[in-house]
Amino acid sequence: MAQQDKPKEPLTWHRSVYIDEVQGHQDAFMKFLNFTYSATKAAGLMLAAAVIALVATNAGAYELVMSLWGTELGFMVGSYEATMTLGEVINDVLMAVFFLLVGLEIKYEMTAGDLVDVRQALLPIIAAVGGVVAPIGIYMAFNGGIPETSHGWGVPTATDIAFALGILSLLGSRVPSGVRVFLSTLAVADDIIAIIVIAVFYGHSPSLMWLGCVAVVLAVLVAMNRRHVYSLAPYLAVGVVLWYCVFMSGVHSTIAGVLLAFTIPAGSRIDLRRFVGWSASAARKVQSQYDPNVHVSAQEGYLKTVSSISHVARQVVPPATRLEHKLYPWVYFGILPLFALANADVYLGGTSVLELMDNPVFFGVFLGLLVGKPLGILLFSFVVVKLKVSSLPENTSWMHLTGAAILGGVGFTMAIFVANLAFPDAAHVVNAKLAILLASATAGVVGFTFLAVKAKSDQRRGVAYLTASVDTEHQHTAAAEAAQHSKELLDAIDSPLVRSELEQAQRMSECGVAEVVVDLGADGRFGHQDDETDQGGASQGKR
């Protein structure tokens with residue numbers, strides 16, 4: 001996943017430019033904006049949707065729920081009619097938008113993020129492979145000899161980046177940033193593997209004619225990229241055609257979102273070196289044109305220059321980044337909760353949970369996620385580190401990595417998605433969904449508890465991790481929230497020493513993201529000053 005996403009920390013730096021009369025409105029809007037970029041809130045909303053689906057389905061509303069998701073939607077043009085059920089719209093159309101966001105996050109990581117430096121990314125990438133291989137082995141141990149269920153091996157292989165990073169973000173600055181980098185990069189690599197698995201193993205028999213159409217539409221998108229088309233509208237319009245061709249081809253339609261993401265430009269149409277000088281010149285021009293004694297609507301020259309700056313400045317941001325920022329709140333606060341609402345409907349139908357659990361699909365999926373994922377992640381990580389192919393992230397211990405590996409067993413969204421594709425028998429889908437829900441909940445609680453115990457141990461030693469970045473526009477949600485937690489802690493302790501250490505670490509860091517491990521002192525109140533001298537100490541770390 002996720003979380004991948006490049007949200008901002010709270011936006012307050014430009015507050016002073018607004019007139020006094022709208023300050024309250026602007027503050028409320030900023031609070032809402034920051035709410036929609038919170039991994040913790042997004043995970044909480046998805047969890048609430050899943051609980052509502054479970055309760056509604058088993059509280060006498062099963063028929064009503066089924067009829068709701070079976071509602072026909074569509075349109076008619078002459079004699080041509082196209083219809084889909086509401087459930088199919090969510091799983092085939094809206095989830096394609098989710099996969100578009102996943103593809104944009106993967107593209108960012110490959111062009112400017114944690115997957116650029118192959119050596120740095122090797123540990124989580126190889127760990128992700130282990131986190132796929134081990135669950136498959138466990139699932140096949142229960143289902144390998146059963147033709148009706150053996151095809152479900154892909155269900156326990158995927159990590160839900162939204163839930164995993166949402167849980168991790170609850171710990172804030174109590175865990176080092178290396179844990180977030182490891183888990184987010186692992187989840188992105190995990191998503192790549194899941195996309196390949198869905199495309200290759202969980203589609204219908206492909207239609208060569210429609211696959212040819214997919215190739216032609218994809219060639220058009222690539223040509224647009226090569227011809228430096230930077231407007232998003234043409235890509236989205238052609239993307240709709242691409243979705244239809246993929247849908248008709250037999251390959252699952254959500255793959256169209258990933259294909260589209262990789263054709264949208266990640267560069268800027270503006271020459272950034274020229275922009276610096278041009279914007280400075282334009283700012284001086286604006287200053288000279290502004291007349292405080294004339295109503296703003298009458299200052300044509302001033303408004304024309306300001307409009308020009310605004311138009312050019314918007315285009316500095318790459319199209320892929322603009323689209324990712326726009327999609328994030330809609331996907332995580334709209335599409336994924338809807339998906340949870342429509343797909344977490346485990347109907348017991350008079351049978352007990354224990355009866356549903358007495359099934360090879362349940363055991364394969366449950367143990368695959370809860371045992372296989374962390375076991376594979378840790379085993380492959382251990383081999384990589386011992387062979388000195390890569391090393392543990394800065395300030396990160398094996399206990400931290402174990403907690404992150406356990407969170408890798410949270411497989412909600414993608415696992416349920418694959419379960420719907422893998423099993424033609426509805427009873428097996430119910431068994432798989434129940435296993436996914438129980439395993440994900442257990443992995444989330446155990447992983448959080450494990451990392452919280454480690455954080456408590458660090459706290460007793462008086463250690464905290466402060467993270468800061470010179471570029472808060474392009475961080476994962478969990479990283480941005482951790483930076484905000486660090487800022488709040490830093491404001492509370494008010495230590496010039498740590499501020500200096502953090503700024504120095506940022507300057508030394510190639511990517512502008514820095515972490516300082518601070519000693520809070522015996523009383524846990526670093527920054528308490530005695531005779532104008534800071535108590536405690538700080539050691540630099542960077543990534």
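The values are calculated or read from the model by the stated rules, or taken from the named source; none is laboratory data. Fair warning: this is a prediction, and the values are worked out from it, not measured in the lab. Cβ coordinates were reconstructed from backbone atoms using ideal geometry, including for glycine residues, and neighbour counts include every protein chain displayed. The area values use the complete protein model at the heavy-atom level, side chains included, leaving out ligands, DNA and RNA. Shrake-Rupley method; radii C 1.70, N 1.55, O 1.52, S 1.80 Å.
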statement: Here, Gln289 and Leu33, labelled 7 Å along Cα→Cβ, have an inter-label distance in nm of 2.4 nm
message: Run the numbers for Ser308 and Met84: contour at 0.36 nm per residue of separation, minus the present Cα-Cα distance, in nm.
response: 76.2 nm
- request: Can you figure out the FRET efficiency of Leu348 with Ala112, using R₀ = 45 Å and their beta-carbon distance, to the nearest 0.05?
  value: 0.45
- prompt: For Arg274 and Thr449 in one chain, what is 0.36 nm times their gap in residues minus the Cα-Cα distance, to one decimal in nm?
  reply: 57.9 nm
- line: In whole Å, largest first, the alpha carbons of segment 195-316 cover along the principal axes 71, 29, 22
- line: Here the Kirkwood hydrodynamic radius of segment 240-295, Cα-based and in Å, equals 15.6 Å
message: If you roll a 1.4 angstrom probe over the protein chains with everything in place, what fraction of the accessible area of segment 298-382 belongs to carbon and sulfur, to the nearest %?
response: 71 percent
field: Ratio of the Cα radius of gyration of segment 274-322 to 2.2 N^0.38 Å, where N counts its residues
entry: 1.32
query: Which parts of segment 96-139 would a label at Leu73 reach, counting a residue when its backbone N lies under 20 Å from a point 7 Å out along Cα-to-Cβ?
result: 96-102
statement: For the Gln299, Val222 Cβ pair and Förster radius 45 Å, calculated FRET efficiency rounded to 0.05 is 0.50
- line: Note: Ala237 to Met66 extended length (0.36 nm per residue) minus current alpha-carbon separation gives 58.3 nm
